[in-house]
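Notes follow the structure.
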Ligand SMILES: Nc1ncnc2c1ncn2[C@@H]1O[C@H](COP(=O)(O)OP(=O)(O)OP(=O)(O)O)[C@@H](O)[C@H]1O
Ligand SMILES: [Mg+2]
């Protein structure tokens, strides 16, 4: 089993890259989408709605296949498999992330907005000093779930030639036929990566905490 | 007008969806005047204060603060919508204390007070901290600067909220049932604080309250308000002791029976 390790670890590195990249894309996409969703301009609200429904309403695998096999036909260039995977999985996660952000932001009580306005805060100050700090504790736990889901979903990238854990496990399985070891090892590696990600998110959560307690 | 009013409502209309809250409301408040608004639940008392605080926008009519329209300016002789900058400048003249305190739960007490001076007035942090510390001292909470709002009692929270509103040195202060969420003894202490404050400043003050004793002590003028209209308007003696309208008498009877 030891001789499988280097190849599986190389795969883990790629899985890490895909996941990290997709999380970055998802964070940017969900922030933009939620800003558009909550804007008072319907011209901005609609595209964001379409994006969210489109990516939530279709399978990530088909999105990936479509981006990998169909999109290059209309693009003037062919993006690398890993870039394709990062962007598609990122946009997919971003659609869910946008809804998490929206729910958390809307749950900040009206009284907080009133207080911010009464203190003559600018719109930016209101968002960054009043709304977001209170939304964070509600955003982080479901975001942690989403990111871990994205880690596991990154296995789909193996189906479009990205040499991640899943891809390498399949190659090893074909050459060694030792199913139990190969896939067992893959499970363990995914599990450890998920643990690390969850630990990191919990650390963030702890840093963002303030005594909530009674309604203010 | 040669003596500029602090606040003027001119033909103000305000409705929410199908509920008409204020209809053709006219109201003038003199500089430094203390006006208490009383009236049954849902009559539109909070709406008046929220309109003044620019938390709501009137459907029609003019709100003037120190003679200047809040929502409109004249350009080339025409009345046009005011810029956001103008509205913010007008909003800066007004401060408000809420029934449910609305402290920022993620900021410590001192930061709750320093946040606006630093970010809105651009005050240096050290000066903002000094001012906040003075204000906390004035509301009797000097030792709570580093506490979280969740660690305070209701009365303490409301004191912080008052200090927070004062930090911006508004010309007009609005108090919307600031003791309704407090038990009577604590409410009395908070009201005493406001009474002391009112004596020390020149601010124009508007109060919505159900505390008739407090109304009597603080008011230059009492307005009885029902279904979006001013039914009675006069000194505390006139309105509270010798109400002219049956509706006012009925309301006062109910209030006195309850307390
Ligand atoms: N945001 C809103 N949306 C819809 N209706 C509202 C809204 N705010 C207030 N109203 C309605 O407007 C009317 C006046 O409300 P307002 O809060 O001004 O009354 P109030 O006199 O302050 O009552 P209370 O003594 O209960 O605080 C009520 O009928 C209320 O239901
Ligand atoms: Mg009210």
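Nothing in this text is a laboratory measurement; each read-out follows from the coordinates by a stated rule. Small disclaimer: the values here were computed from a predicted structure and weren't measured. Counting neighbours? That spans all protein chains shown, and the Cβs are built from the backbone with ideal geometry, glycine included.
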State which residue is surrounded by the most Cβ atoms within 10 Å (Cβ to Cβ) when the search covers only segment B:193-214 and only residues that are within 16 Å of ligand 1 (Cβ to nearest atom) and more than 14 Å from chain A (Cβ to nearest Cβ). B:207
Looking only at segment A:124-145, how many residues end up being buried (at least 18 other Cβ atoms within 10 Å of the Cβ) and under 30 Å from residue A:186 (Cβ atoms)? 3
Which residues, counting only those in segment B:132-148, are out of contact with any helix residue (DSSP H, G or I) (no Cβ under 6 Å at 6 or more places or on another chain), in contact (Cβ under 8 Å) with a residue 12 or more places away in the chain, closer than 17 Å to residue B:107 by Cα and assigned to a helix (DSSP H, G or I)? B:133
Could you tell me whether any residue of segment A:154-176 is more than 30 Å from residue B:90 (Cβ to Cβ), more than 24 Å from the chain's Cα centre (by Cα) and outside any helix (DSSP H, G or I)? no
Consider residue A:209 against the criteria (1) in contact (Cβ under 8 Å) with a residue 12 or more places away in the chain; (2) buried (at least 18 other Cβ atoms within 10 Å of the Cβ): it satisfies all of them except one. Which criterion is unmet? (2)
Would you check which residues across segment B:158-168 are within 9 Å of chain A (Cβ to nearest Cβ) and crowded, with 24+ Cβ neighbours inside 10 Å and list them? B:161, B:164, B:165, B:167
From B:98, B:104, which residue is away from ligand 1 (no atom under 16 Å from the Cβ) and buried (at least 20 other Cβ atoms within 10 Å of the Cβ)? B:104
Residue selected from segment B:172-192 under the condition away from ligand 2 (no atom under 12 Å from the Cβ), surrounded by 19 or more Cβ atoms within 10 Å (Cβ to Cβ) and not in a strand (DSSP E or B), by the criterion farthest from the other protein chains (Cβ to nearest Cβ): B:191
Could you please find all residues in segment B:136-157 being within 11 Å of chain A (Cβ to nearest Cβ) and under 21 Å from the mean Cα position of the chain (by Cα)? B:154, B:157
Condition (residue is within 14 Å of another protein chain (Cβ to nearest Cβ), surrounded by 18 or more Cβ atoms within 10 Å (Cβ to Cβ) and either over 27 Å from residue A:198 (Cα atoms) or touching a strand residue (DSSP E or B) at 6+ places or on another chain (Cβ under 7 Å) (or both)) applied to segment A:28-45: is it met by at least one residue? no
Give the residues of segment A:129-173 that are touching a residue at least 60 places away in the same chain (Cβ under 8 Å) and within 30 Å of residue B:105 (Cα to Cα), sorted by residue number. A:133, A:136, A:137, A:140, A:141, A:144, A:146, A:147
Listed by first then second residue, the pairs whose first member lies in segment B:23-46 and is part of a helix (DSSP H, G or I), whose partner is within 16 Å of ligand 2 (Cβ to nearest atom), with beta carbons under 6 Å and at least 6 positions apart or on separate chains, are B:45/B:37; B:45/B:39; B:45/B:208; B:45/B:225; B:46/B:176
How many residues does segment B:35-58 contain that are more than 16 Å from ligand 2 (Cβ to nearest atom) and more than 14 Å from chain A (Cβ to nearest Cβ)? 1
Look through B:32, B:61 and report the one residue that is over 23 Å from residue B:226 (Cβ atoms) and away from ligand 2 (no atom under 16 Å from the Cβ). B:32
Subset of segment B:80-131 that is assigned to a loop (DSSP other than H, G, I, E, B), at the interface with another protein chain (Cβ under 10 Å from one of its Cβ atoms) and free of Cβ contacts under 8 Å to residues at least 60 places away in the same chain - its residue that is nearest to residue A:115 (Cα to Cα): B:102
